[in-house]
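This report refers to the structure that appears directly beneath it.
The values are calculated or read from the model by the stated rules, or taken from the named source; none is laboratory data. From a predicted model like this one, the values you see are computed outputs, not experimental measurements. Neighbour counts run over all protein chains shown; Cβ positions are idealised from the backbone, glycine included. Protein only, heavy atoms only, side chains kept; ligands, DNA and RNA dropped before computing areas. Shrake-Rupley method; radii C 1.70, N 1.55, O 1.52, S 1.80 Å.
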Amino acid sequence: MIQLSDRAELAVVGFHRDYVIDELSREFTLHPAGSPDTVADELGPAATRVRGVVTTPMVGVSSALMDALPKLEIASLFGVGLERTDLEHARERGVVVTTTPVLYEDVADLALVLAIDVSRRVSAGDRWVRAGQWPGHVYPPARRFSGRRAGILGLGRIGRMLARRLTAFDMEIGYYDPRPAPDLSYRPYPSAVELARESDFLFLCAAGAPGGGHIVDADILAALGPEGVFVNVARGWLVDEPALVDAVVTGKIAGAGLDVFDDEPHVPEPLLTADNVVLQPHVASSSVETRRAMDECMVENIRSWFSTGKAVTPVP
Ligand code: 8YV
């Protein structure tokens, strides 16, 4: 039986599911905080006792958040994105950062689904049938998916899993990644724009670097061209969003499948009515199975750290 005084104290920043709260509450004292910017005020004196923080990649663990928690030892993230977490500061402070590297399959699956949906016009066909358009009309042909050219921006774990899936659709696969992958037979391109020019489907799977600018801009969308489909399962801010909106609305590209946006949960108005766009509310990793695995991974990292001094999935 854990004595109250033995219980490590954790800051819980942002929303977390019941499983996480219930499991952690058994062994730890939790201090919920609504925003990373107000943790010191929200926690009061407890901020000086907190040894762990639980949060999401979109909130991140900034140097300011770490400094508001002087006894911080571990930051456990619900996801894999690290662009809002100051890893350098964490290293200097000796704070271990952990992620949930159990979601890559789901993200690759959704990228594939979005590409097929946009090209075969699945969601658009669904809207058309529900709107009663079928009687007396013929639904216009969609675009073929199998056997076409796929370009992957960012050949990390998600990009690789996506490539494997695309191989089953007889796609020709090219990629652009500053770190080439000589172990794979996919065709490397020297730049994103050259990849876009040679692709029918362009998938953004890159990790989002902080302040790193846009990976996809108006030139890349122009290179993808009016027959091309763009899919984003990475981060909205890696794309010049006004250029993307212009490209889909004016037909500079054929369509887009988007799980992420620049200013979530706000989606630019013109995308809401564009029939050549499939929109998702940042749910690529959100299957029941994967969300449960992410919950468990996050909890296990905290448990393991405080019982053995080792995290399960630390960022190297
Ligand atoms: C989110 C993600 O963590 O892993 C990431 O970086 O963006 C997602 O899996 C998830 O949507 C919860 O915010």
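Quick check: at a probe of 1.4 Å, how many percent of the accessible area of region 61-173 sits on carbon and sulfur atoms?
Of all accessible area on region 61-173, carbon and sulfur atoms account for 53 percent.
Sticking with the crude label model, points 7 Å out along Cα→Cβ, report the distance from Arg130 to Arg49 in nm, one decimal please.
In this crude label model, Arg130 to Arg49 measures out at 5.0 nm.
Starting from the Cα of His89, step 7 Å along the direction of its Cβ; do the same at Glu198; then give the gap between the two resulting points in nm.
A separation of 4.2 nm, rounded to one decimal place.
When the solvent-accessible surface of protein heavy atoms is calculated with a 1.4 angstrom probe, in what order do His137, His282 fall, highest first?
My answer, sorted largest first, is His137, His282.
Separation between the Tyr139 and Thr273 pseudo-spin-labels, each 7 Å from Cα along Cα→Cβ, expressed in nm?
Calculated label separation equals 2.4 nm.
Rounded if a/c is under 1.5, else prolate if a/b beats b/c, else oblate: with a ≥ b ≥ c from the C-alpha gyration tensor eigenvalues square-rooted, which is region 68-191?
oblate
For Lys71, Lys252, give me the order by solvent-accessible area with a 1.4 Å probe, most accessible first, ignoring ligands, DNA and RNA.
Correct descending sequence by accessible area is Lys71, Lys252.
Starting from the Cα gyration tensor of the chain, take the square roots of the eigenvalues, sort them a ≥ b ≥ c, and report rounded, prolate or oblate (rounded when a/c is under 1.5, otherwise prolate if a/b is larger than b/c, else oblate).
Here the chain falls in the prolate category.
Leaving out ligands and nucleic acids, and using a 1.4 Å probe, what accessible area per residue does the chain come to in Å²?
Accessible area per residue, the chain: 48 Å².
For region 104-279, how big is Rg over Rh, using alpha carbon atoms and the Kirkwood form of Rh?
A ratio of 0.97.
Against the longest alpha carbon principal axis of the chain, how many degrees, from 0 to 90 and to the nearest 10, is the axis of helix 157-167 turned?
The answer is roughly 30 degrees.
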